[in-house]
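Working notes, beginning with the structure itself.
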C-alpha cells in the first residue's frame, strides 16, 4: 500500500527484483503497473484484497508533512488513522493469516537528553503527526499478525518523491541556502538498508513492534554537513539554527534504540557517514 511514495516505490521495485510477486497500490499519484486503491473506502478495499489474496501487506500510506498535520487534523486522521482502521477491519473479516507490516515513524519519541535513545515502550507525543501515527499503530495492533516498524530513512530517490537527503543535496548543488537545526537529533537509516531489513522481516515472519535505525545519532545540521563534504558542496550555504519546540512543533530528540530488532536480525549497520558514502 502506498507504492507511489518514496519508501513504497523503493520496496516495490526491490522486492520484485528479489523474486517476490508484488502488487503496488496508489491513490492520488498514478504510476504505471500500480493498482488504484482507496484505503478509506471499506467496500472497495475488501473487494480488491479478496481478489489479490496477498500473503503480505506492507502499509506505507501516511501523511508525513508535519506542518500540514498541524493545520489540518482531520486530514492527518484520515491518512494516518482511518486508513489503518479500514485495513485491519478488512483483514479481520477476510480471516486469513496475512502478514501486515506497517511503517511508522521515529517522531513518536522525544528524549530530553541528546545522548538518550528511546526504546519501543518510551513513546512521547509532540504534535498532530506523532499523535495520529501512534493512534494508527494502535489500530494496526487490533490485527493479530502485525509488524510495526518505527523508522526514519534517507537516500537518493529513484522516483518522484524527495527524501530529506535529496532536499539537502539538490539545494546545495544549485548553490541555494538552506537552514538545518543544530538541536534536533535523530538516527536515520539509508533506504537501501531499510528495504533489506524489511525483506528479512518478511522471510522470517517477524511479528511485533521494532525500531529500525542506525546505531548512533547526530543533529540534522551535522547530517547536512556530511552530505556537503561528501559531494564537495558549499557548506557555507547551510545555516545552522536552534529549533524552538513551542514554535516549530518538532521533537528535539527522536533517536531510537535498535537493540530489539538487532537481536533477531543479524545485520551489520554501518555509520551514517559510511551509509551516505555508499
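The values are calculated or read from the model by the stated rules, or taken from the named source; none is laboratory data. Please read all numbers here as calculations on a predicted model, not as lab measurements. In this analysis, Cβ positions are derived from the backbone assuming ideal geometry, glycine residues included, and neighbour counts consider all displayed protein chains.
Among the residues of segment 18-28, is any more than 25 Å from residue 93 (Cα to Cα), modelled with pLDDT of 70 or more and assigned to a helix (DSSP H, G or I)?
no
For residue 124, are the conditions met, namely being surrounded by fewer than 19 Cβ atoms within 10 Å (Cβ to Cβ) and more than 24 Å from residue 69 (Cα to Cα)?
Criteria not met by residue 124.
Tell me which of these residue 139 doesn't satisfy, since it passes every other one: (1) in contact with a strand residue (DSSP E or B) (Cβ under 7 Å, 6 or more places away or on another chain); (2) closer than 23 Å to residue 202 by Cβ; (3) buried (at least 19 other Cβ atoms within 10 Å of the Cβ); (4) modelled with pLDDT of 90 or more.
Condition not satisfied by residue 139: (1).
If we scan segment 236-256, do we find a residue that is over 17 Å from residue 120 (Cα atoms), in a helix (DSSP H, G or I) and modelled with pLDDT of 95 or more?
So far as segment 236-256 goes, yes, one or more of its residues are over 17 Å from residue 120 (Cα atoms), in a helix (DSSP H, G or I) and modelled with pLDDT of 95 or more.
Give me a count of the residues in segment 199-224 that are farther than 28 Å from residue 112 by Cβ, in contact with a strand residue (DSSP E or B) (Cβ under 7 Å, 6 or more places away or on another chain) and in a helix (DSSP H, G or I).
Qualifying residue count, segment 199-224: 2.
If I ask for residues that are at pLDDT below 95 and in a strand (DSSP E or B), which ones from segment 142-155 would you list?
Hits for segment 142-155 are 153, 154.
If I filter segment 114-136 down to residues being touching a strand residue (DSSP E or B) at 6+ places or on another chain (Cβ under 8 Å) and assigned to a loop (DSSP other than H, G, I, E, B), which single residue comes out as nearest to residue 182 (Cα to Cα)?
114
Scan segment 179-198 residue by residue and report those that are buried (at least 20 other Cβ atoms within 10 Å of the Cβ), in a strand (DSSP E or B) and touching a strand residue (DSSP E or B) at 6+ places or on another chain (Cβ under 7 Å).
180, 185, 189, 190
If you go through segment 43-56 one residue at a time, how many are buried (at least 16 other Cβ atoms within 10 Å of the Cβ) and either within 14 Å of residue 85 (Cα to Cα) or touching a helix residue (DSSP H, G or I) at 6+ places or on another chain (Cβ under 7 Å) (or both)?
The qualifying residues number 4.
Which condition breaks for residue 266 when tested against (1) in contact (Cβ under 8 Å) with a residue 40 or more places away in the chain; (2) surrounded by fewer than 15 Cβ atoms within 10 Å (Cβ to Cβ); (3) assigned to a loop (DSSP other than H, G, I, E, B)?
The one condition residue 266 does not meet is (1).
Report yes if residue 39 is on the phi < 0 side of the Ramachandran plot, buried (at least 20 other Cβ atoms within 10 Å of the Cβ) and over 22 Å from the mean Cα position of the chain (by Cα), otherwise no.
no
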